[in-house]
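*Asks:* Submitted below is the structure of interest, expressed as structure tokens.
The values are calculated or read from the model by the stated rules, or taken from the named source; none is laboratory data. Only a predicted model underlies this, so the values are computations on that prediction, with no experimental measurement involved. Quick reminder, even Gly has a Cβ in these numbers, built from the backbone with ideal geometry, and neighbours come from all protein chains shown.
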Amino acid sequence: MDISPTPSVRVSEVGPRDGLQSIKSVMPTDAKCRWISALAAAGLKEIEVGSFVPARLLPQMADIREVVAHALTIPGLHVAVLAPNLRGSQSAFEAGVHKLTLPVSVTNEHSMANIRKTTAQMIDEVREIVALRDARFPGVQIEAGVSVAFGCTIAGAVSDDQTMRMCLAMAECGVDEVGLSDTSGYANPTQVRRLFRRLQAELGGKAGGAHFHNTRGQGLANVVAALEAGVTTIDASQAGLGGCPYAPGATGNIVTEDLVFLLEAMGYDTGIDIDALIAARAILAEALPGEAQYGHVQDAGLPKGFRYADGRAPSAPQPEGCLLGEAQ
């Protein structure tokens, strides 16, 4: 008898941060809070609810303190944010977040365009942020999100050695984990599998999760490669909102709904209800009229007979099957 436990994967929702800050529309604070509550009610355990950046640069994040305060009232939710510097990090710590992600680019070119610091300057900044955390806010987890880890729209090709040098520098700074981001949509499954295996071999317990964009349609294929390499945390954005502003033609992050279906269909337990997740899209449609929403599961529905990895049945009725005369 097979009594091996069902493998689990944490889906980290980044739509309220990476999604919203990458579009021109400003989502009302009340709608953000309702959206985050709906995502949590669907079973998402970690949500990156925004970023601590100057409102003059990103008006979409002007209400970050109110949004964090709301998210912290949701039982069991791991509240994550992003901050690009020491000042933003201190504000995030003081707001009471559970996790802070620091965007650290592999290439100088992307670093200067994204946060106006060289990679060397950012390493020094991370060291200061970790020291502040250790001295005053020891309960907050710090992740280094290594941007353009697989290739850079501005600088071009990025070698594995370049990426690993930055990952090792982040580990030496004292961050808790180091994740890899395909910021520009350059990654392919072979590269993803190879680089994550190397990350785990060289960083051990500090090797973190994967953040993929679907710029060139490789997002879910790269997820499968990451799973094969042992990755257990995957970022995604509801409706595929967002995308790097320095990646021309970007269609956004991988779609949370499609990712959860993929994982559950493959036997990975996410703890997320897909029907409830799809229902949360209505808040986006209402609050961001005209904004493109991506994904497939919300249109096709769940397959007849579908069961979650833990044996649950879907909460909404399933389709009866193909109609007679439908094209095969």
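*Asks:* I'm told residue 192 meets every condition in (1) more than 18 Å from residue 125 (Cβ to Cβ); (2) surrounded by 16 or more Cβ atoms within 10 Å (Cβ to Cβ); (3) free of Cβ contacts under 8 Å to residues at least 40 places away in the same chain; (4) of a type in the set (Val, Ile, Thr) except one. Can you identify the failing condition by its number?
*Replies:* (3)
*Asks:* Among the candidates 249, 242, which residue alone is modelled with pLDDT under 95 and either farther than 22 Å from residue 183 by Cβ or in contact with a helix residue (DSSP H, G or I) (Cβ under 6 Å, 6 or more places away or on another chain) (or both)? Steps first, please.
*Replies:* Working: 249 fails: either farther than 22 Å from residue 183 by Cβ or in contact with a helix residue (DSSP H, G or I) (Cβ under 6 Å, 6 or more places away or on another chain) (or both).
After applying the criteria, what remains is 242.
*Asks:* Now for a separate question. I'd like to verify a number: residues in the range 21-59 that are out of contact with any Pro (no Cβ under 7 Å at 6 or more places or on another chain) and either among the polar types (S, T, N, Q) or in a loop (DSSP other than H, G, I, E, B) (or both), how many?
*Replies:* Residues in the range 21-59 being out of contact with any Pro (no Cβ under 7 Å at 6 or more places or on another chain) and either among the polar types (S, T, N, Q) or in a loop (DSSP other than H, G, I, E, B) (or both): 19 in total.
*Asks:* So which residues in the range 65-86 are of a type outside the set (A, V, I, L, M, F, W, C), under 17 Å from the mean Cα position of the chain (by Cα) and farther than 17 Å from residue 175 by Cα, if there are any at all? Write out each step before concluding.
*Replies:* First, pick out the residues of the range 65-86 that are of a type outside the set (A, V, I, L, M, F, W, C): 65-66, 70, 73, 75-76, 78, 84-85.
In the following step, the residues that additionally are under 17 Å from the mean Cα position of the chain (by Cα) were identified as 78, 84.
Scanning the range 65-86 gives a single hit, 78.
*Asks:* For the range 1-54, which positions are under 22 Å from residue 288 (Cβ atoms), hydroxyl-bearing (Ser, Thr, Tyr) and modelled with pLDDT of 95 or more?
*Replies:* Selection gives 12, 29, 37, 51.
*Asks:* Please verify whether the range 139-150 includes one or more residues that are more than 22 Å from residue 48 (Cα to Cα) and surrounded by 22 or more Cβ atoms within 10 Å (Cβ to Cβ).
*Replies:* Just the residues of the range 139-150 that are more than 22 Å from residue 48 (Cα to Cα), to begin with: 150.
From the residues that got through so far, the ones that are surrounded by 22 or more Cβ atoms within 10 Å (Cβ to Cβ) too are 150.
Yes, there is a match, as at least one residue in the range 139-150 is more than 22 Å from residue 48 (Cα to Cα) and surrounded by 22 or more Cβ atoms within 10 Å (Cβ to Cβ).
*Asks:* Out of the range 200-220, which residues are crowded, with 17+ Cβ neighbours inside 10 Å, polar (S, T, N, Q) and out of contact with any Ser or Thr (no Cβ under 9 Å at 6 or more places or on another chain)?
*Replies:* Result: 218, single match.
*Asks:* Give the residues of the range 1-37 that are of a type in the set (Ser, Thr, Tyr), under 28 Å from residue 114 (Cβ atoms) and within 18 Å of the chain's Cα centre (by Cα), sorted by residue number. Don't jump to the end; show me each part of the working.
*Replies:* To start, the set of residues in the range 1-37 that are of a type in the set (Ser, Thr, Tyr) comprises 4, 6, 8, 12, 22, 25, 29, 37.
With under 28 Å from residue 114 (Cβ atoms) added as a condition, the list becomes 12, 22, 25, 29.
Result: 12, 22.
*Asks:* If you don't mind, there's one more thing I want to ask. Evaluate the following for residue 40: is it within 16 Å of the chain's Cα centre (by Cα), small (Gly, Ala, Ser) and surrounded by 15 or more Cβ atoms within 10 Å (Cβ to Cβ)?
*Replies:* On the way: within 16 Å of the chain's Cα centre (by Cα): yes; small (Gly, Ala, Ser): yes; surrounded by 15 or more Cβ atoms within 10 Å (Cβ to Cβ): yes.
The answer is yes for residue 40.
*Asks:* Can I ask one more? Of the residues 292, 282, 276, which is small (Gly, Ala, Ser), under 18 Å from residue 16 (Cβ atoms), in a loop (DSSP other than H, G, I, E, B) and over 15 Å from the mean Cα position of the chain (by Cα)? Write out each step before concluding.
*Replies:* On the way: 282 fails: in a loop (DSSP other than H, G, I, E, B); 276 fails: in a loop (DSSP other than H, G, I, E, B).
Result of the check over 292, 282, 276: 292.
*Asks:* Step by step: first the residues of the range 261-273, then only those that are under 15 Å from residue 315 (Cβ atoms) and free of Cβ contacts under 8 Å to residues at least 60 places away in the same chain, then the one that is farthest from the chain's Cα centre (by Cα). Which residue is that?
*Replies:* At the first step, the residues of the range 261-273 found to be under 15 Å from residue 315 (Cβ atoms) are 261, 264, 270-273.
Checking which are free of Cβ contacts under 8 Å to residues at least 60 places away in the same chain leaves us with 261, 264.
Working: 261: 16, 264: 18 Å.
Of everything passing the filter in the range 261-273, 264 is farthest from the chain's Cα centre (by Cα).
*Asks:* Additional query: Do you know which of the residues in the range 302-328 that are in contact with an Asp or Glu (Cβ under 7 Å, 6 or more places away or on another chain) and of a type in the set (A, V, I, L, M) is modelled with the lowest pLDDT?
*Replies:* Residue satisfying both the conditions and the ranking: 316.
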